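A.B. asks: Quick one: structure below, then a few questions.
The values are calculated or read from the model by the stated rules, or taken from the named source; none is laboratory data. All values reported here derive from a predicted model rather than from experimental measurement. Backbone-built Cβ (ideal geometry, glycine too); neighbour counts: all protein chains shown. Quick note on the areas: whole protein, heavy atoms, side chains included, nothing else; ligands and nucleic acids left out. Shrake-Rupley method; radii C 1.70, N 1.55, O 1.52, S 1.80 Å.
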Amino acid sequence: MAYTSSSLHLHKHLLLPKTNPSSSYSRPPPPSFVAAAAKINGVNGHSSKKSPNGKAQINGDGKKGVNGSGRKKAAAQHINGNDRIHLSVSTGGAGGQDGFGLRVAFQGAPGAYSEFAAKTALPGCDTVPCRAFADALAAVDGGAVDRAILPVESTMEGTALRNYDLLLRHDLVVVQEINLFVHYCLLAMPGVRAAEVRRVISHPMALAHCGRALARLGVDREPVEDTAGAVEMLRSNRMLDTAAIASPRAADLYGLDVLAHGLQDESWNVTRFLLLSKPPSPVTLPMDADAKTSMVVAHRGGSMMVVLKVLSAFSSRNINLTKLEVINNNEGGGGGGGAAAGHPVMILDTSARGAPTLRAFPHVLYVDCEGASHDPRVLDAIKEIERFAVFVRVLGCYAADSNVYDLQ
Ligand SMILES: O=C(O)C(=O)C[C@]1(C(=O)O)C=C[C@@H](O)C=C1
């Protein structure tokens, strides 16, 4: 039994603007920002500096979070392809709020990309570092924090199936999406030269994304829990033969030297994060907002026929899909299984009366569509799917954000 996955990815490649490095996390966020955005992948700027705030860590060892906002005004410099371009103006966090007073759990040490995604979504929030994604989700589920942030797909890797597995086991709703440009740097202790580096440590995803550059350097690779955690380890152990792959912000935050920029094998490396909350969703979308609805559809098998029926349910109502991921656990071979390889997808069923129950489904689709979950067309499409599916769970309805935020 193998857990296979195939997906349609709708990302297009765009180049990023340079951003103004003078903004600071300690400064309050601007009331609004302007972004030049393409319909699928737009471009935006984002810049900020460190400001430790001494927040407690969940299940961790006392790492500190960062506070403030990194949003900056920016415009696209280059756009290739035939994307539909529009100018959007946003007031920041979901529903116009900037997240002041909210605690957002993220996986990793301060300076992790997930933390920047949280600060991008809610510039005024307090971030809470967690050792694992499971801890971050448990923290919001248990009420210790208000939100959790989860990377769910990247242009280089596709869907992060392990994180979807986690999401589906919890009674949480998606309240916001954030696309973050992931720019990897090689960081070392001050004074260390590239020729002295024998080993590189980072999050396994970061090591994988920088495979070619690391092969060129001819160094050993060692996975650690997150990119900023690698930097912290380097710093606290004063490692002089080791470098870390992390963001330029992490270099700033921990006072390390940047030996190289743009280490990723693909120049376009974007990770999509979801901001999660306990239901009911705290976000009220304006009636005319561009919305997205995410759902999971469990079915009896015969994937391609089911895919066609799902596509027809949406296309007959002129609804565009932005994601379609097909998961099967019994087709043999196939990669992309993550931690759940060979196992059915476990989904918390919150629809029944009484306590939510965890149910196992071998055949599942992850679907994101344009439109709000209360839009009659979307409601009708879901009703049609429910006629042939075993189970449908709407994971959330949130403002569609096609901007790509850049931390450089
Ligand atoms: O290690 C970090 O800094 C993270 O935020 C995690 C994470 C991930 O899990 O995908 C996020 C984005 C990058 O692609 C690399 C790692």
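A.B. asks: Listed residues R317, R235; which is in the same structural domain as A194 (by TED's automatic domain parsing) and of a type in the set (K, R)? Write out each step before concluding.
C.D. replies: Values: R317 fails: in the same structural domain as A194 (by TED's automatic domain parsing).
R235 is the lone residue from the list that is in the same structural domain as A194 (by TED's automatic domain parsing) and of a type in the set (K, R).
A.B. asks: Sort out for me the helices (runs of 4 or more DSSP H) sitting completely within region 161-236 that have 2 or more residues that are more than 16 Å from the ligand (Cβ to nearest atom) and farther than 16 Å from A136 by Cβ. Give the derivation first.
C.D. replies: Details: elements: 161-168, 204-209, 211-217, 227-236.
Answer list for region 161-236: 211-217.
A.B. asks: May I pose another question? Checking H343 against (1) out of contact with any strand residue (DSSP E or B) (no Cβ under 7 Å at 6 or more places or on another chain); (2) without any contact (Cβ under 8 Å) to a residue 60 or more places away in the chain; (3) under 24 Å from A160 (Cβ atoms), which single condition isn't satisfied?
C.D. replies: Here H343 clears every test but (2).
A.B. asks: Do you know which residues across region 128-147 are outside any helix (DSSP H, G or I) and within 16 Å of the ligand (Cβ to nearest atom)?
C.D. replies: Quick first cut of region 128-147, residues outside any helix (DSSP H, G or I) only: 128-132, 142-147.
V128, P129, C130, R131, A132, R147, listed by residue number.
A.B. asks: Within region 98-110, how many residues turn out to be part of a strand (DSSP E or B) and within 8 Å of the ligand (Cβ to nearest atom)?
C.D. replies: Quick first cut of region 98-110, residues part of a strand (DSSP E or B) only: 103-107.
Filter once more, keeping what is within 8 Å of the ligand (Cβ to nearest atom): 106-107.
Count: 2.
A.B. asks: Moving on to the next point. For region 111-124, enumerate the residues that are more than 10 Å from the ligand (Cβ to nearest atom) and in contact with an Asp or Glu (Cβ under 8 Å, 6 or more places away or on another chain). First the steps, then the outcome.
C.D. replies: Taking region 111-124 and keeping what is more than 10 Å from the ligand (Cβ to nearest atom), we get 119-124.
Hits for region 111-124 are L122, P123, G124.
A.B. asks: Still on this structure, please answer the following. On the given criteria, is L180 open to solvent by less than 10 Å² (accessible area, probe 1.4 Å) and closer than 23 Å to C397 by Cβ? It would help to see each step written out before you state the result.
C.D. replies: Values: open to solvent by less than 10 Å² (accessible area, probe 1.4 Å): yes; closer than 23 Å to C397 by Cβ: yes.
For L180, the condition - open to solvent by less than 10 Å² (accessible area, probe 1.4 Å) and closer than 23 Å to C397 by Cβ - is met.
A.B. asks: Quick check on my filter: what residues within region 138-162 are aliphatic (A, V, I, L, M) and at pLDDT 95 or above? It would help to see each step written out before you state the result.
C.D. replies: Taking region 138-162 as the starting set, the residues that turn out to be aliphatic (A, V, I, L, M) are 138-140, 144-145, 148-150, 152, 156, 160-161.
Residues satisfying the conditions are A138, A139, V140, A144, V145, A148, I149, L150, V152.
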